[in-house]
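What follows is a single structure, written as structure tokens, with notes after it.
The values are calculated or read from the model by the stated rules, or taken from the named source; none is laboratory data. Model, not experiment: these values are computed from the prediction. Cβ atoms come from the backbone with ideal geometry, glycine included; neighbour counts cover every protein chain shown.
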Amino acid sequence: MGLLDVLTSIKDRAEKFLNEKNVVTDFLGKVEEKTGIKKKVLAVGAVSLTGLYLVYGYGAALLCNLIGFVYPAYYSIKAIESPCKEDDTKWLTYWVVYGIFSLGEFFSDIFLYWFPFYYAFKCLFLLWCMAPVSWNGSQIIYSKVVRPVFLRHEAAVDNMVSDLSGKAMSAAENLTREVLSTLVKNKALVKPGPPVSQPETKSLPSSSANASTAIAAPRPSEEQKPFLG
């Protein structure tokens, strides 16, 4: 397919999209009613401004990631809700390629960030991956790169995953058993003993009793007094 055919296909797809009823076309229709500018001109202007912002604007990374995420996420939800399974496969393929690309970008972004027009090319790449054509990027990359590598190493990856899951389950069981045994031991150590009896307190004689005793004691009479003289 030549470049002219590609451009013609993109143009036809864009016109079909503008003639559909969705959030974007409704917004463009309202703007067209107020300004008198046609939808096509508004769409071309919006695309041009977006491209210039990706080249020179602040926060181009966020805008690029939104373009690569919001539109595919919206149509992925529509694919899940639709009874057809063909669109499910299409968007699953896109997300596989998008995840691999994001993983590779995580390690190379510190170098690629300094390249001029990096986010503009990244946005074009993501648009190519989600393009509603049979030769879009996600289909080509998956069939030419991802699928052969996956089929070649599928058995080894499955064995590794099963081994890791088995080890994780055994480790979790051992940890749970140790925690339970430790709790039982601690509970036995802090078991309360028999209550200690309090010693009886001896009451001291009251002052009133002493006073009554002193009153009751006999006084010596005058005859018993010693004779002085």
Looking only at segment 31-50, count how many residues are surrounded by 13 or more Cβ atoms within 10 Å (Cβ to Cβ) and among the polar types (S, T, N, Q).
1
Would you mention how many residues in segment 96-120 are modelled with pLDDT of 90 or more and among the aliphatic types (A, V, I, L, M)?
3
Candidates Ile37, Ile67, filtered to the one that is modelled with pLDDT of 75 or more and not in a helix (DSSP H, G or I)
Ile37
Looking only at segment 80-95, and only at residues there that are in a helix (DSSP H, G or I) and over 19 Å from Leu127 (Cβ atoms), the one that is modelled with the lowest pLDDT:
Glu86
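Right, Leu54: touching a Phe, Trp or Tyr at 6+ places or on another chain (Cβ under 8 Å), part of a helix (DSSP H, G or I) and touching a residue at least 40 places away in the same chain (Cβ under 8 Å) or not?
For Leu54, the condition - touching a Phe, Trp or Tyr at 6+ places or on another chain (Cβ under 8 Å), part of a helix (DSSP H, G or I) and touching a residue at least 40 places away in the same chain (Cβ under 8 Å) - is met.
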